[in-house]
C-alpha cells in the first residue's frame, strides 16, 4: 500500500479498529483517546454509534478493544512531516 499523505495512516488504523472510514483529523483524535484512556469500550462504542447497551454488544466491544494490535511500518521516512506528530504518536501510543 502506498500512502500519498502521511496523515492517512490515522485513517487506515482507525478503519482496522472501528471498521469505518473517517477523515484523518477525526481518526487521529479517536486513536489518541482510544490508546491513552482506560475505558476503551466506551470510546469504541461511541465511534461505532452503537446505542444498544446489551451485554452481548458490550462483551463483543470489550473483546475488540482489548485485542493486541501490531503495526508494521516500512519506509518510515515516507511518514516524516515538519512537526513529526504522526511518528511521535505511533511511538507514544504503545507506552499507554
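The values are calculated or read from the model by the stated rules, or taken from the named source; none is laboratory data. It should be emphasised that the depicted structure is a prediction, and the values quoted were computed from it without experimental measurement. Glycine gets a Cβ as well: all are built from the backbone with ideal geometry, and neighbour counts include every protein chain shown.
Values for this structure:
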| read-out | value |
| --- | --- |
| Selection within region 45-59 - surrounded by 14 or more Cβ atoms within 10 Å (Cβ to Cβ) and assigned to a helix (DSSP H, G or I) | 45, 47, 57, 58 |
| Whichever residue in region 1-18 is in contact with a helix residue (DSSP H, G or I) (Cβ under 9 Å, 6 or more places away or on another chain) and not in a helix (DSSP H, G or I) and, among such residues, is modelled with the lowest pLDDT | 1 |
| Residue pairs meeting the criteria (Cβ under 9 Å; at least 6 apart or on separate chains; first without any contact (Cβ under 8 Å) to a residue 12 or more places away in the chain, in region 1-23; second surrounded by fewer than 13 Cβ atoms within 10 Å (Cβ to Cβ) and not in a loop (DSSP other than H, G, I, E, B)) | 2/78 |
